[in-house]
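Read through the structure below, which is laid out as structure tokens, and then see the notes.
The values are calculated or read from the model by the stated rules, or taken from the named source; none is laboratory data. These figures come from a predicted structure and were not determined experimentally. Neighbour counts run over all protein chains shown; Cβ positions are idealised from the backbone, glycine included.
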Amino acid sequence: MIASIGSFALITPREFISPAGAIVHPGNSLADIPRESVYSEPYRHFGKMGDTEKLMFSAVSLALKGISIPESTGIVCAVPNGSLTTDCAYMQSVNEQFPSPSLFAATLPSSLIAELAIPFTLRGPNRVLAGNDQSAVLLNALFLIERGCDFVVAGYVDPNPVHGSAAVILLQQTETHHTLHLDLQRKDSETIPDLFGSIIAELEGRKHFPAIKTRIGTFHIEESHGTTH
Amino acid sequence: MGFCVDDHRLITDQTCIVGSAVVTPLGTTEESVTSLLDGKSAIEISCPYGYPVSVAPFPDLKYQNPKQLASLLSDQLPDLPTYNSDETLVIFAAAKGSTEAVESGQSPENSLLQNQGKAFAEALGLEQSNFLAISNACASGIAAIDAARDYLFHHIYETVIVCGFDLISQFTVTGFHSLSALSPTGARPFDKDRSGMTLGEGAGIVVLQQRVPQLGEIVISGSATTNDANHRTGPSRDGSGLALAITHSLKESGIAPEEIGAIKCHGTATPYNDAMEAKALTSVFGNNQPPAVSFKGNMGHLSGAGSIVETILAAELLKRKQLSGTFGFNRTDCEEPINISASAVAIAKPAMAVLAAGFGGLNACLILKEIQ
């Protein structure tokens, strides 16, 4: 399977990395992301989002800055912590006063999908993976490309303020032979803890991005020119 | 829309259902199918956690233990231990992790969906298999089957097992009650006198393999997910997202809408959902629609695991060429020409569409086909 990389973004407590370059995180934490750092136009629902949704929305906004993608774009996302923070806040509302409908509506690991689909008008296929198996995210994104999806937003989000991060890679159908080879292991969540970070480190500073190609085997990234599997 | 399905899926190998089992408020697979065809409902008028709402609980409280549930499923699948290997992927599908862990303030790790899923896979005796958890709200089951088909199509695993369960809890009852979504008298999908949904409990497991099917076998010949990109909790008003999922699934199956013999609707019995589905069905199937059913008047809404359970029960009905009636349905107030079955009818054509939808604008569809 093969797909081009259209764009990327990585947000950590320390920095923002995108095709535009790397900048020092201008906020104090992952929960404090200045709007102007990631997108130019205000989005009125941003303040109502939970931490997970805000962080993922910011990463996708950063990756898609200046890029137009079609409605048919798919989303594949890993959420290691699910909706844990909102779950606890909702249960607190049950125990302390009355159940909050707005909190309950966000108590799903998939809640962030709506926060991406609505503002970016993405009506393609969706898969939310509970856990942090980043290679499974990439593999499922490539599955969707292979099934005819022109673009897929693939990423993960962990809103932990100390060691959390969010990363997004935009994949698109390609004819290129200029590839990054990713050989994905099956049981790889332990052996590839930061696959997206590794790929983005490879991409940082490039003017032209290679494609991603996968097969099942031992993980490595290598670049080749003008060859195919 | 630019998303289209490549014709390469139209090949000899198909995604075959090689084994399945459910536990629902109506009982085991066989008991559930019989009860559906007999027009029985497990819905009770109750007052769970102090709220006057209808529920469809398991017939025995002990079923609420995930280990007991796993045992009830594996008892119906004697071959299950043979799949406990590195050649198998287990996909756990659910809308949420352990709400009981959240309610009781346990360690956060205990509530995470993937940890609950891994424990369930171990209880099923599949601890040596690989594991993935998919959570697409109330469309999780079909989304997981859709992903399973990719892993099988690319020969990454010999077998993919999709499983999941959902329980009624204080968390879900208070939550859906706060949204004014629960019926005090029981779900009546598509009926003009409906008063909301009923929460139910259920578990399901389906064993899938990619191979040349035998005559009479039920295969999953197409599947798709889409998003409405419209509202965080409510369905789109025009049903276009679900219609798109149906269209993609049919295209992947290589069959036309008029070749579908029956439809298993999501059918939650909330006015917005029912109206959305009616629009989606009319958009795809036009004025001459195949009979459609919702199981939620019989056994409530089983949340994320629901579409695993409902897919299995739909496949059982397709085998029997009998579609059950929609419990509680008499007369619709939908303007579209939907063909909801009020009582059991014959399935005249060997293909069935199974639909699901969920919070976040998530839609899913799969096509079941009997090989002839």
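Out of everything in segment B:175-195 that is among the polar types (S, T, N, Q) and in a loop (DSSP other than H, G, I, E, B), what residue ends up being nearest to the other protein chains (Cβ to nearest Cβ)?
B:S180
Looking at A:L170, A:L129, A:L108 in this structure, which one is in a loop (DSSP other than H, G, I, E, B), of a type outside the set (G, A, S) and either at the interface with chain B (Cβ under 7 Å from one of its Cβ atoms) or in contact with a Gly (Cβ under 6 Å, 6 or more places away or on another chain) (or both)?
Working: A:L170 fails: in a loop (DSSP other than H, G, I, E, B); A:L129 fails: in a loop (DSSP other than H, G, I, E, B).
Every option except A:L108 fails the conditions.
Within segment A:62-106, which residues are touching a residue at least 40 places away in the same chain (Cβ under 8 Å), touching a helix residue (DSSP H, G or I) at 6+ places or on another chain (Cβ under 7 Å) and hydroxyl-bearing (S, T, Y)?
Matches in segment A:62-106: A:T85 only.
Residues checked against (1) within 12 Å of chain A (Cβ to nearest Cβ); (2) farther than 21 Å from B:K349 by Cα; (3) surrounded by fewer than 23 Cβ atoms within 10 Å (Cβ to Cβ); (4) touching a residue at least 40 places away in the same chain (Cβ under 8 Å):
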| site | (1), (2), (3), (4) |
| --- | --- |
| B:S240 | yes, yes, yes, yes |
| B:I246 | no, no, no, yes |
| B:G261 | no, no, yes, yes |
| B:A269 | no, yes, no, yes |
| B:A280 | no, no, no, yes |
| B:S294 | no, no, no, yes |
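For segment A:69-80, which positions are facing another protein chain (nearest Cβ under 7 Å) and not acidic (D, E)?
A:P70, A:S72
I'd like the full set of residues that are touching an Asp or Glu at 6+ places or on another chain (Cβ under 7 Å), part of a strand (DSSP E or B) and buried (at least 24 other Cβ atoms within 10 Å of the Cβ), limited to segment B:196-211. If you could, list the steps in order and put the result at the bottom.
Looking only at segment B:196-211, we keep the residues that are touching an Asp or Glu at 6+ places or on another chain (Cβ under 7 Å), and these are B:201-202, B:209-211.
Checking the rest, the ones that are also part of a strand (DSSP E or B) come to B:202, B:209-211.
Selection gives B:G202 alone.
Would you mind listing the strands (runs of 3 or more DSSP E) fully within segment B:1-117 where at least 1 residues are farther than 28 Å from B:S253 by Cα?
B:14-24, B:54-56
Which pairs turn up if I take residues in segment B:352-366 that are on the phi > 0 side of the Ramachandran plot and look for partners that are charged (D, E, K, R) with beta carbon separation below 9 Å, at least 6 apart in sequence or on another chain?
B:G360/A:E115; B:G360/B:D228; B:G360/B:R232; B:G361/A:R123; B:G361/B:D228; B:G361/B:R232
Picking from A:S29, A:S37, A:S4, which residue would you name as being surrounded by fewer than 23 Cβ atoms within 10 Å (Cβ to Cβ) and in a loop (DSSP other than H, G, I, E, B)?
Criteria check complete, one pass: A:S29.
Restricting to segment B:122-137, count the residues that are within 13 Å of chain A (Cβ to nearest Cβ) and buried (at least 18 other Cβ atoms within 10 Å of the Cβ).
Adding up the residues that qualify gives 9.
For segment A:145-161, does any single residue satisfy the condition of being at the interface with chain B (Cβ under 7 Å from one of its Cβ atoms), crowded, with 20+ Cβ neighbours inside 10 Å, small (G, A, S) and not in a helix (DSSP H, G or I)?
For segment A:145-161, residues at the interface with chain B (Cβ under 7 Å from one of its Cβ atoms), crowded, with 20+ Cβ neighbours inside 10 Å, small (G, A, S) and not in a helix (DSSP H, G or I): present.
Quick one: what pairs do we get from segment B:152-174, first residue without any contact (Cβ under 8 Å) to a residue 24 or more places away in the chain and away from chain A (no Cβ under 12 Å), second surrounded by fewer than 24 Cβ atoms within 10 Å (Cβ to Cβ) and of a type outside the set (K, R), C-beta under 8 Å, 6+ apart or different chains?
The qualifying pairs do not exist here.
Take B:Q68 and decide whether it is without any contact (Cβ under 8 Å) to a residue 12 or more places away in the chain and either of a type outside the set (V, I, T) or within 10 Å of chain A (Cβ to nearest Cβ) (or both).
Yes, satisfied.
Could you check, for segment A:134-143, whether at least one of its residues is buried (at least 21 other Cβ atoms within 10 Å of the Cβ) and in a loop (DSSP other than H, G, I, E, B)?
no
When the residues of segment B:83-104 are filtered to those that are free of Cβ contacts under 8 Å to residues at least 24 places away in the same chain and under 25 Å from A:A136 (Cα atoms), which remaining residue is surrounded by the fewest Cβ atoms within 10 Å (Cβ to Cβ)? Before the answer, list the steps.
Of the residues in segment B:83-104, the ones free of Cβ contacts under 8 Å to residues at least 24 places away in the same chain are B:97-98, B:101, B:104.
With the extra rule that they be under 25 Å from A:A136 (Cα atoms), the set shrinks to B:97-98.
Working: B:G97: 27, B:S98: 22.
Top of the filtered list is B:S98.
Within segment B:171-187, is even one residue in contact with a Cys (Cβ under 8 Å, 6 or more places away or on another chain), over 24 Å from B:D79 (Cα atoms) and modelled with pLDDT of 95 or more? Give the steps one after another, and end with the answer.
Of all residues in segment B:171-187, those in contact with a Cys (Cβ under 8 Å, 6 or more places away or on another chain) come to none.
Scanning segment B:171-187, I find no residue that is in contact with a Cys (Cβ under 8 Å, 6 or more places away or on another chain), over 24 Å from B:D79 (Cα atoms) and modelled with pLDDT of 95 or more, so the answer is no.
Of all residues in segment B:318-360, how many are in contact with a Gly (Cβ under 7 Å, 6 or more places away or on another chain) and over 24 Å from B:A42 (Cα atoms)?
Residues flagged as in contact with a Gly (Cβ under 7 Å, 6 or more places away or on another chain) and over 24 Å from B:A42 (Cα atoms) within segment B:318-360 amount to 6.
Can you pull out the residues in segment B:335-372 that are part of a strand (DSSP E or B) and in contact with a His (Cβ under 8 Å, 6 or more places away or on another chain)?
Hits for segment B:335-372 are B:L355, B:A356, B:A357, B:C365.
Which pairs have Cβ atoms under 6 Å, sit 6 or more apart or on different chains, and link a residue in segment A:107-122 that is in contact (Cβ under 8 Å) with a residue 60 or more places away in the chain to one that is among the charged types (D, E, K, R)?
From segment A:107-122, the pairs are A:L112/A:E53; A:E115/A:E53.
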